[in-house]
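J.: There's a structure below that I have some questions on.
The values are calculated or read from the model by the stated rules, or taken from the named source; none is laboratory data. Owing to the predicted nature of the structure, the values given are computational and were not obtained by experimental measurement. Positions of Cβ are generated from backbone atoms using ideal geometry, with glycine treated the same way; all protein chains shown enter the neighbour counts.
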Amino acid sequence: MEFRAETRFLRVSPQKARLVLDLIRGRRAEEARNTLMFTKKRVAPYIGKLLQSALDNANFLATEKGIDVDIDNLYVKRAVANDGPRMKRIRPAPQGRAYRYQRRISHIELVLAERGKNDDTLSTVVGDDAAPVPAKAKRRAPAAKKAAGKKKTAAK
């Protein structure tokens, strides 16, 4: 069972949000909450609220709907930050010109799932869309270099 929470139109660039989301992806919910509490990024409290919302969604389904969910066994299955609409702004520049710049906005989605007994594989920690990691890839030996030949003189 998966539990989602989503925040939209957050005034932070998706690139900066992804730095914090990478810290919590694949971790247990309680461990992710502690990580966010001590992360010194401006977006960390917003992601903490989002994580709490996903936990509340799971708790609601466990109590009200009668679904069997172990809240202590939840982990962050997916955490993505996508682009939102960009706000175009203008900054005054020398000699009457104007420089354009863009304020970026992000949409953040967080998915919690319950870790089962056989879900401890690498693909669940990295994400569902991750390719399986091969055990050992064959390596080819580098090609041997050709010996340098003598230069021929030009015919007259």
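J.: Being at pLDDT 95 or above, surrounded by fewer than 16 Cβ atoms within 10 Å (Cβ to Cβ) and not hydroxyl-bearing (Ser, Thr, Tyr): is that true of ARG42 here? Write out each step before concluding.
T.: On the way: at pLDDT 95 or above: yes; surrounded by fewer than 16 Cβ atoms within 10 Å (Cβ to Cβ): yes; not hydroxyl-bearing (Ser, Thr, Tyr): yes.
Against the criterion (at pLDDT 95 or above, surrounded by fewer than 16 Cβ atoms within 10 Å (Cβ to Cβ) and not hydroxyl-bearing (Ser, Thr, Tyr)), ARG42 qualifies.
J.: To continue, here is another question. Would you be able to say whether some residue in segment 103-115 is touching a strand residue (DSSP E or B) at 6+ places or on another chain (Cβ under 8 Å) and surrounded by fewer than 13 Cβ atoms within 10 Å (Cβ to Cβ)? Please lay out each step first, then the result.
T.: First, the residues of segment 103-115 that are touching a strand residue (DSSP E or B) at 6+ places or on another chain (Cβ under 8 Å): 103-115.
Remaining after also requiring surrounded by fewer than 13 Cβ atoms within 10 Å (Cβ to Cβ): 103.
There is at least one residue in segment 103-115 that is touching a strand residue (DSSP E or B) at 6+ places or on another chain (Cβ under 8 Å) and surrounded by fewer than 13 Cβ atoms within 10 Å (Cβ to Cβ).
J.: Continuing with the same structure: Could you check how many residues of segment 71-106 are part of a helix (DSSP H, G or I) and among the charged types (D, E, K, R)? Outline the logic, then answer.
T.: Filtering segment 71-106 for residues part of a helix (DSSP H, G or I) gives 71-73, 94-96.
If we keep only those that are among the charged types (D, E, K, R) too, we end up with 72.
So the answer is 1.
J.: Considering only segment 1-55, state which residues are in a loop (DSSP other than H, G, I, E, B) and of a type in the set (Val, Ile, Thr). Explain how you work it out, then say what you get.
T.: Here is the first cut: in segment 1-55, the ones in a loop (DSSP other than H, G, I, E, B) are 1, 11-13, 25-27, 38-43.
Across segment 1-55, the qualifying residues are VAL12, THR39, VAL43.
J.: What pairs can you find where one residue is in segment 17-35 and free of Cβ contacts under 8 Å to residues at least 40 places away in the same chain and crowded, with 22+ Cβ neighbours inside 10 Å, the other is assigned to a helix (DSSP H, G or I) and aliphatic (A, V, I, L, M), and their Cβ atoms are less than 6 Å apart, with a gap of 6+ or different chains?
T.: Within 6 Å, the pairs are VAL20/ALA44; VAL20/ILE47.
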